[in-house]
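Below: the structure, in structure tokens.
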Amino acid sequence: MPDKPDRNAIEVVNVSKIFGSGEGQVAALDTVSVSIRENEFFTL
């Protein structure tokens, strides 16, 4: 079976998510980047 070139099935770059406002802000994600290739599994 021929080799397939490496490629990402999913790629997310510099994602941020902040909940709340003012002094109550909480950063759930702070500039997160993830690359997931075919047949890989990922949980967050």
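The values are calculated or read from the model by the stated rules, or taken from the named source; none is laboratory data. Small disclaimer: the values here were computed from a predicted structure and weren't measured. Methodologically, a virtual Cβ is constructed for each residue, glycine included, from the backbone with ideal geometry; neighbour enumeration extends over all protein chains shown.
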Notebook entry, point to check: Would you pick out the residues in the stretch 21-41 that are exposed (fewer than 10 other Cβ atoms within 10 Å of the Cβ) and not polar (S, T, N, Q)?
Noted result: GLY22, GLU23, GLY24, VAL26, PHE41
Check: Only one of (1) exposed (fewer than 10 other Cβ atoms within 10 Å of the Cβ); (2) modelled with pLDDT of 90 or more; (3) in a loop (DSSP other than H, G, I, E, B) is not met by PRO5, so which one is it?
Finding: (2)
Notebook entry, point to check: Taking only pairs six or more apart or across chains, which ones have beta-carbon atoms under 8 Å, a first residue in the stretch 17-36 that is within 30 Å of ARG7 (Cβ to Cβ), and a second residue that is loosely packed, with under 10 Cβ neighbours inside 10 Å and β-branched (Val, Ile, Thr)?
Noted result: SER33/VAL13
